[in-house]
Amino acid sequence: MNGKKLSALLCAAVLVFSAAGCGKGGNEALPESSQIADEEESQVENMQDGELPIQEAEGGLDEETPVTLTVYGPSIFSSSGETGAVNPVTGNITQGYQVVVERWEELHPNVTLNIEGIGWSDWRAAIQAAVLGGGVDIICHGGLLPVLCEPLDSYIEKDPDFLELLYSIPRYNTDEMEGSTLDNPRITSIPNIVNPGFMILDKKIFDDYGVPLPDADWTWSDVVSLAGQLTGTDPVTGENTYGFLLPNTGGTGMIKNHLIIASAYDAGIISYGSTAKESTVNFQTESVTKVYRTINDLAQYCSPDNVEGVEGNLVIRSENNVAMSWTENFLRDLQTAKELGEEERFVFLPLPVIEEGQFKGCPSLYLGDNNFAISKDSENKEWAWEFIKFMLTDDVAIAYMIDNGGIVNTVQGMEILKQQIGENDALLQQVLEQLPSDYNSTTNTYYDNVNFGAMGSYLSSELREMIKGSISVEQAVDNTQKAVDEYFATLE
């Protein structure tokens, strides 16, 4: 990702980045020392009696003037709370974000950190209301709301040392920022946590049925075949088992199943123009129909509750009866398996391979994240940028995020994490290394829920009705395209 070579991390903890996608690069020319001296002398001359000159930190931050920095939105802060959260499976308590606040205010005593975490229900509307109401500096998961965000391209250009620490710097297709067009992606946020997709397999169920575990070069056709073999009555326990679990069947997250499998078949739907009106979106292709059919085939081997949207994610537990699923919570699931003493039972593999297109042979694409954006209306933009860097480089902040199941988006974070996950580090590095530069799972050729109406809503709705048997694969495809066409008609 970002041109990096993660193998170098294993050898020397150094990443090599390409210049592509990182703006013009370099810092602006610094003023001559004589100019700085003149400015300082002028500042002193203009002070009133008894007034002391303002002390600034490195980078020009004013450490003397009291500031309140407000962080708002759904994030790891929401899930941990101020004092920590209880893992519902293991009963263990994670760190709360108070450790982050205390560490920040130890470093910056005059900058008060105000964290307001919210849940995921109606989070977009909540963020819009809070930002428009004023006072928000850092927007958690704000990258998906570019109209509210300060473009970060120039911040990255001026901070090349920080750039070299990052794994993922996603660029979003947006025309909602000044001077932007859909076909020229922009940096709207910096991920503090990255969530690459993995397959998770219950080795016990495989063993009970006498089915060998697959290799990492498996395909989605292999997954469907294995799911069929592992659905039925367990020969050892006599309990019902299901070959697969489709995550997020109860809501708009259902689209993630489409996104992942579409990348495997190179089933693109979007060709970006400079605006939505000048773009094209086409679901009615053979490759997209194949995506829908694969999802429908997998649903035949899911539990009725899963199909109905009652059971939405595989839960690591001793009484598990699902053979396979995919997860975007690799670290949290791994931590839970270890805490339960089931780390030998639950096996992680890369997502099935991409079969067509530029990235053929790599794992299917998925990279979720939780990110920080700077509100365009913030009066403390430089302090907001400092906070983003703090969260990704400070050992206390990194330890807090890892303890709450977060894969931190920096070399430093990965090095600390490596000490905890042991041999699974190689698997994580393998998956991250093969993800394309600047990829994000929100605006891309396979799916876009930002620029083409409520795509997440109408796509997930048709997929849910399809797996329930209410409509056929072909009807689901046609209905999705109809919703797209209705949206484009509003642009005329």
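Considering the range 86-97, and only residues there that are of a type in the set (S, T, N, Q) and open to solvent by 60 Å² or more (accessible area, probe 1.4 Å), the residue that is modelled with the lowest pLDDT turns out to be N92.
Selection of the range 300-318 for residues being at pLDDT 90 or above and either open to solvent by 50 Å² or more (accessible area, probe 1.4 Å) or in a loop (DSSP other than H, G, I, E, B) (or both) yields Q300, Y301, C302, S303, P304, D305, E308, G309.
Count of the range 431-479 residues, restricted to those that are within 28 Å of S303 (Cα to Cα) and without any contact (Cβ under 8 Å) to a residue 40 or more places away in the chain, is 10. For the range 188-220, filtered to residues that are of a type in the set (V, I, T) and farther than 23 Å from G405 by Cβ, the residue that is surrounded by the most Cβ atoms within 10 Å (Cβ to Cβ) is T188. When V211 is tested against (1) of a type in the set (A, V, I, L, M); (2) out of contact with any strand residue (DSSP E or B) (no Cβ under 9 Å at 6 or more places or on another chain); (3) part of a strand (DSSP E or B), only condition (3) is not met. The residue pairs whose first member lies in the range 212-226 and is of a type in the set (F, W, Y), whose second member is part of a helix (DSSP H, G or I), and whose beta carbons are closer than 6 Å, counting only pairs six or more residues apart or on different chains, are W220/I261; W220/A264; W220/T294.
Here is a yes/no grid of residues against (1) polar (S, T, N, Q); (2) touching a helix residue (DSSP H, G or I) at 6+ places or on another chain (Cβ under 9 Å); (3) buried (at least 19 other Cβ atoms within 10 Å of the Cβ):
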residue	(1), (2), (3)
Q412	yes, yes, no
D425	no, yes, no
Q429	yes, yes, no
S441	yes, yes, yes
T445	yes, yes, no
F452	no, yes, yes
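In the range 441-492, the qualifying residues are those that are among the acidic types (D, E) and at pLDDT below 95, and the one that is farthest from the chain's Cα centre (by Cα) is E492. Just one residue in the set L365, L349 is within 30 Å of S274 (Cα to Cα) and either in contact (Cβ under 8 Å) with a residue 40 or more places away in the chain or open to solvent by less than 20 Å² (accessible area, probe 1.4 Å) (or both); that residue is L365. Using the structure shown, decide if I190 is under 21 Å from I118 (Cα atoms), among the β-branched types (V, I, T) and touching a residue at least 12 places away in the same chain (Cβ under 8 Å). In short, yes.
The values are calculated or read from the model by the stated rules, or taken from the named source; none is laboratory data. Computed from a predicted model, the values in this text were never measured in an experiment. Here Cβ is always computed from backbone atoms with ideal geometry, including for glycine, and neighbour counts include all displayed protein chains. Each accessible area value is taken on the protein alone, full model and side chains, heavy atoms only, with ligands, DNA and RNA left out. Shrake-Rupley method; radii C 1.70, N 1.55, O 1.52, S 1.80 Å.
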